[in-house]
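Q: Please find one structure pasted underneath; my questions will follow.
The values are calculated or read from the model by the stated rules, or taken from the named source; none is laboratory data. It should be emphasised that the depicted structure is a prediction, and the values quoted were computed from it without experimental measurement. Cβ placement follows ideal geometry from the backbone for every residue including glycine, while neighbour counts extend to all protein chains displayed. These area figures cover heavy atoms from the full protein model, side chains too; ligands, DNA and RNA do not enter into them. Shrake-Rupley method; radii C 1.70, N 1.55, O 1.52, S 1.80 Å.
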Amino acid sequence: WFKNGALIPGATGALLSFRSAQARDAGQYRVVIGNSSGSVTSSSAALVVVSTVSAVGFRPYNLQSGICSDTPLYIAFDRPPSVGTAGKLKVYNSQGAVVDTIDMAASPQTRVIGGTPYVYYPIVVTGNMAAVYLHQQLPYNDTYSVKMDPGVLTDASGAPFAGFADTSFWNFTTRPGGPSAGT
């Protein structure tokens, strides 16, 4: 058996099992099986060990309407999360098109404000709350859904928060239009 391309000492059985998988066990695993006629190498299998940290609230709330188009997205957790270094958070419009992507493998990121690019951290954690700052404001009068990959946020041990892949999990609608001129 091999983990991330390195031979696992003593792992020579037909099965590779984990009694209680930990974050340090995450990786790409493969096996080489051989006999007197030769050997064959399996395809790699990814082991992702996710944290038990749980999201307990969202702002905007799921299905909330009348949201300002430039509001940050907030996720409350049952204990303090940490900012991860892998995975993506994607925001989709009602047509299913991606309108913003935050790739944690490329953090800090750049946001253009008033024509000037600024370097910023797209996710900031304070206590049990993670605030997500999108690259630009969302268009008015549309409904949005959010998906988050494992690794965007982690727990204190570094195990990734599982995220959410279902586009019906967190949805909200922006206001019908902007404020009146001069207000």
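Q: Mind listing whichever residues of the stretch 142-179 are β-branched (Val, Ile, Thr), part of a loop (DSSP other than H, G, I, E, B) and open to solvent by 10 Å² or more (accessible area, probe 1.4 Å)?
A: THR167
Q: Please list, ordered by residue number, the strands (runs of 3 or more DSSP E) wholly in the stretch 15-89 having 1 or more residues that are free of Cβ contacts under 8 Å to residues at least 40 places away in the same chain, among the charged types (D, E, K, R) and open to solvent by 60 Å² or more (accessible area, probe 1.4 Å).
A: 27-30, 55-59
Q: Test of understanding: among VAL83, VAL31, VAL40, VAL112, which residue is among the aliphatic types (A, V, I, L, M) and within 17 Å of the chain's Cα centre (by Cα)?
A: One residue alone meets the criteria, VAL83.
Q: Starting from the stretch 158-178, keep only residues that are more than 25 Å from GLY87 (Cα to Cα), then list their pairs with residues that are polar (S, T, N, Q) and open to solvent by less than 30 Å² (accessible area, probe 1.4 Å) whose Cβ atoms are within a distance under 7 Å, requiring at least 6 positions of separation or different chains.
A: THR174/SER69; ARG175/SER69
Q: Could you look through the stretch 108-141, keep only residues that are part of a loop (DSSP other than H, G, I, E, B) and in contact with a strand residue (DSSP E or B) (Cβ under 6 Å, 6 or more places away or on another chain), and pick out the one that is farthest from GLY177 (Cα to Cα)?
A: Residues of the stretch 108-141 part of a loop (DSSP other than H, G, I, E, B): 108, 114-115, 121-122, 127-128, 133-141.
Among the residues that remain, those that are also in contact with a strand residue (DSSP E or B) (Cβ under 6 Å, 6 or more places away or on another chain) are: 108, 122, 128, 134-135, 138, 140.
Details: PRO108: 31, PRO122: 25, ASN128: 32, LEU134: 19, HIS135: 20, LEU138: 11, TYR140: 5 Å.
Ranking the candidates gives ASN128 first.
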